[in-house]
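Undergrad: I have a structure I would like to understand better, so I am pasting it below and will then ask my questions one at a time.
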């Protein structure tokens, strides 16, 4: 899965370069896949490769779990998972000294927070 994500990022970067687009946004990044593998299955084996791949990202927008949780109908476990997963992501970003900005707020405030982080 990590390698597939990486190939998709490279393809998106190539398209962005052709179109002179300033950003490529990735959701979900390999680091998040590793975090969920750890959280759900207790499998920490993906972290080393995920960190290598994540190191190429210019910035991570870390979404604060401060908006109402809504089921997506696919795979989310529930609102109770948000805080521990967010802390796990934060700890990984800090451990690897990855550049990140925490995005919080509601509606326009949240969007403004994200746009400000990109400037």
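Values in this text are rule-based calculations from the coordinates and carry no lab data. Remember, predicted model here, so these are calculated numbers, not experimental data. Neighbour counts run over all protein chains shown; Cβ positions are idealised from the backbone, glycine included.
Undergrad: Separation between the residue 56 and residue 14 pseudo-spin-labels, each 7 Å from Cα along Cα→Cβ, expressed in nm?
TA: 1.2 nm
Undergrad: OK, next. To two decimal places, what compactness ratio does segment 34-86 give when its Cα radius of gyration is scaled by 2.2 N^0.38 Å?
TA: Compactness ratio reported: 1.31.
Undergrad: When the C-alpha atoms of the chain are aligned to their principal axes, what extent does each axis show, in angstrom, from largest down?
TA: The Cα atoms of the chain stretch 41, 37, 31 Å along their principal axes.
Undergrad: Identify the residues of segment 78-119 with backbone N under 14 Å of a label point that sits 7 angstrom from the Cα of residue 25 along the Cα-to-Cβ direction, or state none.
TA: 103-104, 107-119
Undergrad: For Cα pairs less than 8 Å apart in space and 6+ apart in sequence, what is the mean separation divided by the residue count of the chain, i.e. the relative contact order in percent?
TA: RCO, the chain: 23 percent.
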